[in-house]
Amino acid sequence: MAAGAALPLEARAPDAASAAPGARPRHVAIIMDGNGRWAKSRHQPRTLGHKAGVDALRRTVEAAGDLGLEVLTVYAFSTENWRRPASEVEWLFALLRSYVRSDLDRLDAAGVRIRVLGRREGLPQDILDLIALAETRTAANTAMTLVIAFNYGGQAELVDAMRAIARRVLLGGVDPDSIDEAMIAESLGTADWPDPELIVRTSGEQRLSNFLIWQSAYSEFVFTPVLWPDFGRRDLEAALNEYAGRQRRFGGV
């Protein structure tokens, strides 16, 4: 399927194979949490925790590729993160710049397609240019898709989708009675890839924090006490093993 073409609903929905015990998910999403606590425990500034978090991202992306995942989505910067001190926000921007510039060649060579999920409004122009470069350069890659949720919020994504559908209704192209789950899914930023079968959150917190709130309707969740900067292949494998032991019924018996 060409990049940018929305997946049909049947390709996005879980199937019998993914529901069976022992199956491996196609799409894993990770809420990368605990950078600040990791740094605090070492009496270091929060910025050092974020830097260590980028190293954990490199390890995890490599492991995800080795383990055969089709899609890995990581929550890098939320719409709520703008509330943090301006210096920390700028540091997070700097880390994205550094990651793309230093890792783009390696990711491209490994066949990783990069997509950035989230609102573009308010982002600095050089960040927008880097996003465009990464997405364009890797658009034809097929080994794995790395989705970076940046300036992303699940509620904001749904608002944007509803606005897009409302404009179609106003233009007369859509009957309001025809709006269904499939139309909403096709209007989301995630329409090009399957919904996550597994969502992992690090650091022991047990909430979604406005992450993929539509797409996670039937996701399995794994909450690990491991702080994100310490996360790696062994922790990803442990989450996959826990997922493999679950029976997913999707409302059935």
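We did not get these values from a lab; they are worked out from the coordinates using the rules stated. Only a predicted model underlies this, so the values are computations on that prediction, with no experimental measurement involved. So basically every Cβ, Gly included, is an ideal-geometry build from the backbone, and we count neighbours across all protein chains shown.
Some observations on this one:
- Peptides 209-217, 78-86, 180-188 ordered by packing proxy, namely the average of other Cβ atoms within 10 Å per residue, highest first: 209-217, 180-188, 78-86.
- Computed over the range 15-156, the quotient of the alpha carbon radius of gyration and 2.2 N^0.38 Å is 1.09.
- Net lengthening on full extension, residue 168/residue 210 (0.36 nm per residue, minus Cα-Cα): 12.5 nm
- The chain - Kirkwood radius from inverse mean 1/r over Cα pairs (Å): 19.0 Å
- Share of alpha-carbon pairs per 10 Å distance bin for the range 169-222, given as whole %: 19, 41, 25, 11, 4
- Positive-end residue of 243, 231, 203, charge dipole of the range 198-253 with Cβ unit charges: 243
- Dimensions in Å of the range 193-253 - Rg and Dmax from alpha carbons: 12.3, 39
- Whole-Å semi-axes of the ellipsoid equivalent to the range 81-160 (Cα gyration tensor, √5λ, descending): 23, 16, 10
- Computed across the range 121-245, the Kirkwood radius stands at 17.3 Å (inverse of mean 1/r, all Cα pairs).
- From helices alone, the chain scores -13500 deg cm²/dmol at 222 nm; the rule is -39500 (n - 2.57) for each run of n ≥ 4 DSSP H residues, then divide by the residue total.
- Computed Kirkwood radius, in angstrom, where 1/r is averaged over Cα pairs of the range 21-90: 13.8 Å
- Ranked list, fewest to most other Cβ atoms within 10 Å of each Cβ, for 27, 43: 43, 27
- Taking every C-alpha pair closer than 8 Å and separated by at least 6 residues, the mean separation divided by the residue count of the range 175-253 gives a relative contact order of 28 percent.
- Taking the chain and dividing mean pair separation by its residue count, relative contact order in percent (alpha carbons under 8 Å, at least six apart): 33 percent
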